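All remarks here apply to the structure that follows.
Bear in mind that the values in this text are calculations on the coordinates, not laboratory data. What you see is a predicted model; the values in this text were computed from it and never measured. Backbone-built Cβ (ideal geometry, glycine too); neighbour counts: all protein chains shown.
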Amino acid sequence: MTSLDITQTYDLTSLPEFGSVPYFTTDFSKYGITDLSATSLDASLRSIAMSKLERQFEYLSDKIGYDHSVPSIYKAGMDVLVS
């Protein structure tokens with residue numbers, strides 16, 4: 001899944017150059033999600049639910065498009081989750 005940081009486009013009056021808007025790609029396979037079957041999703045999400053709380057937060061942050069490996073972006077993701 002790829003997420004664009006659309007905040008970088010606020011107040012623009014024309015389209016930005018391709019590739020100039022920051023984006024984040026989530027590789028869900030690192031969370032055990034390798035296909036979209038009900039069986040795979042169920043097993044993967046149960047595994048995440050049983051993992052350490054920090055890992056669960058990382059997944060949730062990544063899932064909504066905030067890269068957990070960048071502290072400032074992770075904090076913004078957590079702020080969104082809390083709100």
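If neighbour count is taken as other Cβ atoms inside 10 Å, put 33, 6 in order from fewest to most.
6, 33
What net charge is computed for the residues neighbouring residue 76, neighbours being all others with C-beta under 13 Å from the C-beta of residue 76, Lys and Arg scored +1, Asp and Glu -1?
Net of charged neighbours comes to -3.
Any aspartates and glutamates with Cα under 16 Å of the residue 75 Cα? List them, leaving off those in the same chain fewer than 8 positions away.
Hits, sequence-local ones excluded: 5, 54, 58, 62, 67.
Based only on other Cβ atoms within 10 Å, what is the fewest-to-most ordering of 46, 55?
Ascending number of Cβ neighbours within 10 Å: 46, 55.
Test of understanding: ordering 13, 26, 2 by Cβ neighbours within 10 Å, fewest first, what list do you get?
So the residues, fewest neighbours to most, are 13, 2, 26.
Based on the Kirkwood radius over alpha-carbon pairs, what is the Stokes-Einstein translational diffusion coefficient of the chain at 25 °C with 0.890 mPa s viscosity, in µm²/s?
173
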